[in-house]
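**Student:** A single structure is presented below for examination.
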Amino acid sequence: MKNHFASMNYSTVKYIVYLCGIYSISFAIFHAYFWKLFDWKQDLKKISLANRAIVQIANLRLIYIFIGIAIVCFVFPKELVSSRLGNVFLLGISLFWLGRTIEQFIFLRIKSKLITGLTATFMIGTLLFASPVLMKIFLFKPCKVVIRK
């Protein structure tokens with residue numbers, strides 16, 4: 001009896017990698033609105049200059065990282081799925097989102113629908129970035145990438 005997943009191929013997983021890119025761009029946009037969403041112009045005045053700078057710089061660097069991840073997902077989907085380096089990259093980003101999920105429970109213990117929704121969104125990121133690698137391992141062998149010099 002043939003496994004119905006056996007017919008799954010690279011083009012199927014490529015779209016999941018594109019979803020990873022869309023997910024990352026969405027978080028870049030979300031973080032770009034932090035100044036307005038959280039009224040940082042006023043609210044950050046309550047903390048020291050050093051902490052105010054650290055919060056804003058860290059947020060800007062996250063935006064940069066999310067955009068970089070998205071670019072890699074959109075430009076190199078085949079390499080992400082078929083190479084060991086790409087698999088490590090995807091699993092690394094998956095671990096980033098897993099860590100973010102765990103940190104949510106440690107640092108943001110607020111019971112609200114918004115926080116619960118964000119936590120679920122972080123868990124989706126964990127699964128989304130891990131799924132191309134897990135699918136490769138359990139469902140099929142993707143095409144080999146030929147790098148021409």
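**Student:** Keeping all protein chains in the complex and leaving out DNA, RNA and ligands, what accessible area do you get for R52 with a 1.4 Å probe, in Å² to the nearest 10?
**Tutor:** In the full protein context, R52 sits at about 60 Å².
**Student:** Per residue of the chain, what 222 nm ellipticity follows from adding -39500 (n - 2.57) for every DSSP H run with n ≥ 4, rounded to the nearest 500? Intermediate results must be reported in sequence, preceding the final value.
**Tutor:** Working: 7 runs with 114 residues, N = 149.
My calculation for the chain gives -25500 deg cm²/dmol from helical runs alone.
**Student:** For the range 23-70, what is the charge dipole size about the Cα centre, in debye to the nearest 20, if Lys and Arg each add +1 at the Cβ and Asp and Glu each add -1 at the Cβ? Could the numbers behind the result be given before it?
**Tutor:** Details: 6 positive and 2 negative charges, 34 e Å.
For this selection, approximately 160 debye.
**Student:** Follow-up. Compute, for the chain, the length of the dipole vector about the Cα centre, with Cβ point charges of +1 (Lys, Arg) and -1 (Asp, Glu) only. Units Debye, rounded to 20.
**Tutor:** With only Lys, Arg, Asp and Glu charged at Cβ, the dipole is about 220 debye.
**Student:** Please report the relative contact order for the chain, taking Cα pairs under 8 Å with a sequence separation of at least 6, and give it as a percent rounded to a whole number.
**Tutor:** On the way: 122 pairs, mean separation 54.6, N = 149.
Across the chain, relative contact order equals 37 percent.
**Student:** Right, next: Measure nothing but the geometry: give the 0 to 90° angle between the long axis through the Cα atoms of 84-107 and the longest principal axis through the Cα atoms of the chain, rounded to 10°.
**Tutor:** 30 degrees
**Student:** May I ask which residue of L91, I65, F38 lies farthest towards the positive end of the charge dipole of the range 1-129, with charges of +1 (Lys, Arg) and -1 (Asp, Glu) on Cβ and the Cα centre as origin?
**Tutor:** Ranked along the dipole, the leading option is F38.
**Student:** Here is a follow-up. Just reorder M135, M123 by solvent-accessible area, largest first, 1.4 Å probe, all chains present. Don't skip to the answer; put the middle values down first.
**Tutor:** Values: M135 30, M123 90 Å².
Result, largest first: M123, M135.
**Student:** Taking amide hydrogens as modeled 1.01 Å from N in the peptide plane, which residues meet the under 5 Å criterion relative to F38, leaving out close sequence neighbours?
**Tutor:** Counting only residues 5 or more places away or on other chains, the set is empty.
**Student:** Report the number of Lys pairs in the chain whose alpha-carbons are under 30 Å apart, with separation of 8 or more residues or on distinct chains.
**Tutor:** 27
**Student:** Give the separation of the Cα centroids, the range 104-138 to the range 9-31, in Å.
**Tutor:** A separation of 15 Å, based on Cα centres.
**Student:** Could you work out which residue, out of F129, F107, F76, moves most in a Gaussian network model of the chain, that is, has the largest mean-square fluctuation with Cα springs under 10 Å?
**Tutor:** With Cα springs under 10 Å in the chain, the top fluctuation among F129, F107, F76 is at F107.
The values are calculated or read from the model by the stated rules, or taken from the named source; none is laboratory data. Just so you know, these numbers come straight off a predicted model, no measurement behind them. Note that we place each Cβ from the backbone using ideal geometry, even for glycine, and neighbour counts take in every protein chain shown. Note: areas computed on protein heavy atoms with side chains; ligands, DNA, RNA excluded. Shrake-Rupley method; radii C 1.70, N 1.55, O 1.52, S 1.80 Å.
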